[in-house]
There are 2 protein chains.
Amino acid sequence: MKAHIITIGDEILIGQTLNTNAAFIGEQLTNLQIRITASSVVPDEEAIILKEFKRAFDANDLILVTGGLGPTHDDVTRKCVVDYFDTELIENKDVLEDITKFFESRGRILTGTNRDQALVPAMATPIRNARGTAPGYWIEKGKKIFVVMPGVPYEMKNMMENFVLPKIATLLESKSFIITDNLLTTGIPESLLFDKLGNIDDLLQGAKLAFLPNQFGVRMRITVESNSEETAKNKIGEIEQKIRAKVGRFIYGRNNDTLESVIAKLLIDRGAKLAVAESCTGGLILNRLTNIAGSSQFLERGVVAYSNAAKVELLHVSEDTIQKYGAVSIEVARQLAEGVKAISGSDYGLSVTGIMGPAGGSESKPVGLVYIGICDSKICTANEFRFGDDRLLNKDRTSQAALEMLRRLLLGISYED
Amino acid sequence: MKAHIITIGDEILIGQTLNTNAAFIGEQLTNLQIRITASSVVPDEEAIILKEFKRAFDANDLILVTGGLGPTHDDVTRKCVVDYFDTELIENKDVLEDITKFFESRGRILTGTNRDQALVPAMATPIRNARGTAPGYWIEKGKKIFVVMPGVPYEMKNMMENFVLPKIATLLESKSFIITDNLLTTGIPESLLFDKLGNIDDLLQGAKLAFLPNQFGVRMRITVESNSEETAKNKIGEIEQKIRAKVGRFIYGRNNDTLESVIAKLLIDRGAKLAVAESCTGGLILNRLTNIAGSSQFLERGVVAYSNAAKVELLHVSEDTIQKYGAVSIEVARQLAEGVKAISGSDYGLSVTGIMGPAGGSESKPVGLVYIGICDSKICTANEFRFGDDRLLNKDRTSQAALEMLRRLLLGISYED
């Protein structure tokens with residue numbers, strides 16, 4: 001089965017909106033072993049959309065379209081579907097009921113503009129929208145499938161997961177297996193990781209390995225293709241073992257893991273509580289931890305101690321220490337971690353203090369300088385880190401380094417090489 | 001000038017990485033009035049990359065390539081550039097110095113793998129990398145320009161801003177002007193916004209208006225094309241005035257503004273201090289506020305009062321109130337805002353408490369129920385909001401609604417219709 005992904009919208013073409021839809025669809029189709037032959041972006045113009053529908057439909061078995069289904073005048077996708085398939089619009093009762101309920105649940109009044117969204121191309125099976133008002137369309141013609149979904153990412157995602165992907169899966173007869181597995185590392189640069197792995201051809205034996213760095217670390221993606229799912233899985237397992245033997249302590253997770261999800265699991269498994277004191281990251285560490293469902297099981301509280309007064313009053317950092325060493329110092333990091341652990345009665349205290357930039361640096365304490373403190377029942381320590389000069393990247397890197405320090409403490413992994 | 005953007009990397013094609021590079025480049029070229037004829041993604045395969053180089057180079061004046069310049073075996077872009085332009089690799093002293101300094105500044109040892117990155121195609125002007133080790137290439141052939149940059153977004157962005165865009169700008173002679181302007185709204189659904197604007201054709205008089213919704217609100221993008229920059233700007237100004245007359249109080253900013261940047265400006269201009277107490281959003285509001293450079297000028301402190309103990313001990317919420325109404329209640333929201341304002345001596349206190357899901361809901365207090373509290377020197381109030389059932393979307397929406405409540409208080413904008 002060959003697929004083409006079409007994203008409709010000037011906002012993508014001119015870079016005002018990221019094409020998260022094509023990425024999500026690409027990932028999901030790849031999981032189903034479907035080959036994506038093309039991914040294209042077209043503007044909100046009927047003539048161009050119709051031409052792209054034709055090009056995609058002629059050369060592929062599956063076409064997935066997103067965007068342009070909203071209730072306003074600039075949304076032309078439905079009209080193009082009606083024209084391309086030479087069909088007509090009919091009001092769909094189920095869809096109208098969905099839209100009415102959606103508005104009622106939010107205490108809003110249904111307008112004519114929204115009622116109009118219950119009009120669905122006659123030859124399409126409507127795909128109901130649990131997150132918004134515009135329905136999607138599932139169209140079968142010959143042996144080909146044409147799916148249209150709204151451009152709002154969470155609406156599209158909900159339709160994909162609950163309707164489109166299960167329906168596609170039932171139509172597939174898979175023969176070749178492409179399996180990928182991702183090992184997620186942090187705290188080690190790409191080049192050093194590569195060097196530590198040694199002879200890469202010996203390691204891979206025909207499999208593929210990609211290194212994908214960003215500010216949170218380097219992802220290693222292993223890809224194996226085989227006629228048998230079992231062979232592919234075994235081979236991935238063998239390569240993974242070899243990699244772990246060499247750089248295992250830098251690997252915090254696999255695939256969709258995040259450092260915060262890994263830490264959440266470790267803490268919940270131990271029934272342990274964490275408290276966090278953030279200065280320079282300003283809530284980012286806490287925000288990441290509370291993105292995990294059930295975070296109240298392990299996160300007791302957090303303090304964003306931005307001012308010195310907050311550090312002293314809420315976390316009992318000594319004023320003398322701040323005077324003597326400055327708020328950005330290894331001593332204050334240690335006291336922040338100790339303080340937040342003590343006031344919350346938690347098992348672990350984690351803290352960060354640093355200079356994120358662009359302003360606030362000096363010769364002795366440049367932008368990018370960070371201290372991370374951590375305490376458990378036995379030790380209370382802090383480390384120095386030096387990052388770059390971009391504020392948001394520094395926040396990301398600091399939060400990642402802090403969570404990694406906690407992971408290493410929880411698992412007893414040393415920082416020594 | 002016609003441009004083609006090529007993104008190299010399987011990780012984009014299969015959706016493991018978002019194509020932020022194409023979006024950024026698309027936006028920057030559009031700002032320079034350059035027409036983007038195509039944006040394509042190709043895998044890390046030499047034959048396919050070479051074919052794509054040819055296709056793009058034949059039909060365009062400007063080709064921008066990102067990805068595949070890293071130090072590991074899976075990066076093949078440099079080899080393709082050498083082959084396509086029939087040139088050779090030469091060690092560049094400046095680049096080698098940059099790489100050496102980069103490693104020194106981070107206290108790391110330069111490896112052979114990294115030293116190799118100082119080899120640059122002979123016909124290219126290297127584009128120095130201030131954020132990493134791989135240089136980019138600026139190649140001119142005939143009247144055409146071919147630019148190659150690393151795939152790491154912040155490395156590419158730095159090269160674009162400091163080298164590529166200024167250099168392209170000097171080569172342009174613009175004739176037609178396409179000007180866009182974005183008005184950012186929140187707290188009003190797309191359909192209601194559309195209805196409130198009335199007759200859209202009367203409003204636009206040939207200009208274009210797009211509605212771009214996401215969980216933070218609806219962006220209205222106005223586009224005007226004209227032979228004269230002044231005419232285009234005047235027309236945009238007129239349309240903007242008409243829109244503001246109808247839905248102005250929902251508009252919090254323009255173009256690259258964020259609600260947090262707008263609030264930061266308002267608070268700094270007044271010399272006012274803010275403190276925030278977050279329960280359900282777990283640090284997201286504080287994180288957004290501290291993304292603004294200079295946030296220490298207006299943000300005094302924040303508390304992530306996840307447990308009831310934290311609410312009582314740190315923010316002086318009454319235990320009786322929690323007992324009687326529950327932690328998710330209008331009364332607790334008000335006391336949280338009052339408490340955080342009082343302990344910090346700030347001018348404004350902002351608080352949120354709610355149920356983000358997926359678990360924790362009940363019939364009387366379902367997932368998505370949120371209370372937001374706000375206090376200044378005169379009033380202390382709280383509002384109820386009802387969002388959906390997706391945890392991360394609920395966090396985003398709650399943080400946006402809280403910041404919008406603060407903006408409306410600061411500007412004296414009523415919630416009444």
Report task. Check B:A293, B:A309 and return the single one that is under 19 Å from A:I343 (Cα atoms), at the interface with chain A (Cβ under 8 Å from one of its Cβ atoms), in contact with a helix residue (DSSP H, G or I) (Cβ under 9 Å, 6 or more places away or on another chain) and without any contact (Cβ under 8 Å) to a residue 40 or more places away in the chain. Result -> B:A309
Report summary line: In the set A:E161, A:E155, A:E140, A:E190, the lone residue that is among the charged types (D, E, K, R), buried (at least 18 other Cβ atoms within 10 Å of the Cβ) and either in contact (Cβ under 8 Å) with a residue 60 or more places away in the chain or in the same structural domain as A:T100 (by TED's automatic domain parsing) (or both) is A:E155
**Report entry** Test: residue in region A:69-80 that is over 32 Å from the mean Cα position of the chain (by Cα) and modelled with pLDDT of 95 or more
**Finding:** yes
Report task. Determine if region B:78-89 includes at least one residue that is on the phi < 0 side of the Ramachandran plot, crowded, with 23+ Cβ neighbours inside 10 Å and within 13 Å of chain A (Cβ to nearest Cβ). Result -> no
Query raised in the report: Residues in region A:249-278 that are in a loop (DSSP other than H, G, I, E, B) and on the phi < 0 side of the Ramachandran plot: how many?
Result: 5
Query - Residue in region B:49-64 that is under 18 Å from B:Y154 (Cβ atoms), surrounded by 18 or more Cβ atoms within 10 Å (Cβ to Cβ) and more than 10 Å from every other protein chain (Cβ to nearest Cβ) present - result: yes
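This table checks each residue for (1) in contact with a Leu (Cβ under 9 Å, 6 or more places away or on another chain); (2) modelled with pLDDT under 95.
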site: A:I188; (1), (2): no, yes
site: A:F194; (1), (2): no, yes
site: A:D202; (1), (2): no, yes
site: A:A207; (1), (2): no, yes
site: A:N214; (1), (2): no, yes
site: A:R219; (1), (2): yes, yes
site: A:K233; (1), (2): no, yes
site: A:F250; (1), (2): yes, no
Query raised in the report: Got a number for residues in region B:312-343 being out of contact with any Phe, Trp or Tyr (no Cβ under 7 Å at 6 or more places or on another chain) and either within 25 Å of A:L284 (Cβ to Cβ) or in contact (Cβ under 8 Å) with a residue 12 or more places away in the chain (or both)?
Result: 19
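Check region B:98-112 and report whether any residue there is in contact with a Phe, Trp or Tyr (Cβ under 8 Å, 6 or more places away or on another chain), at the interface with chain A (Cβ under 10 Å from one of its Cβ atoms) and either surrounded by fewer than 23 Cβ atoms within 10 Å (Cβ to Cβ) or farther than 24 Å from A:G217 by Cα (or both).
Within region B:98-112 (the criterion being in contact with a Phe, Trp or Tyr (Cβ under 8 Å, 6 or more places away or on another chain), at the interface with chain A (Cβ under 10 Å from one of its Cβ atoms) and either surrounded by fewer than 23 Cβ atoms within 10 Å (Cβ to Cβ) or farther than 24 Å from A:G217 by Cα (or both)), the answer is yes, since at least one residue qualifies.
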Report task. Could you check, for region B:116-128, whether at least one of its residues is under 22 Å from A:L212 (Cα atoms), surrounded by fewer than 22 Cβ atoms within 10 Å (Cβ to Cβ) and within 32 Å of the chain's Cα centre (by Cα)? Result -> yes
Requested in this report: Determine whether B:L62 is in the same structural domain as B:E140 (by TED's automatic domain parsing), at pLDDT below 95 and touching a helix residue (DSSP H, G or I) at 6+ places or on another chain (Cβ under 8 Å).
Outcome: no
Report summary line: The condition from (1) surrounded by fewer than 17 Cβ atoms within 10 Å (Cβ to Cβ); (2) under 17 Å from the mean Cα position of the chain (by Cα) that B:G206 misses is numbered (2)
Query raised in the report: What's the number of the condition B:D389 fails, among (1) touching a residue at least 24 places away in the same chain (Cβ under 8 Å); (2) touching a helix residue (DSSP H, G or I) at 6+ places or on another chain (Cβ under 7 Å)?
Result: (2)
Query raised in the report: Here are some residues: B:S362, B:S344. Which one is over 23 Å from B:D396 (Cα atoms) and not aromatic (F, W, Y)?
Result: B:S344
Report summary line: Given (1) closer than 14 Å to B:P153 by Cβ; (2) at the interface with chain A (Cβ under 7 Å from one of its Cβ atoms); (3) surrounded by fewer than 23 Cβ atoms within 10 Å (Cβ to Cβ), B:G26 misses just (3)
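The values are calculated or read from the model by the stated rules, or taken from the named source; none is laboratory data. As the structure is a computational prediction, the values presented were derived from the model and not from experiment. When we count neighbours, we look across all protein chains shown, and the Cβ atoms used for this are built from the backbone with ideal geometry, even at glycine.
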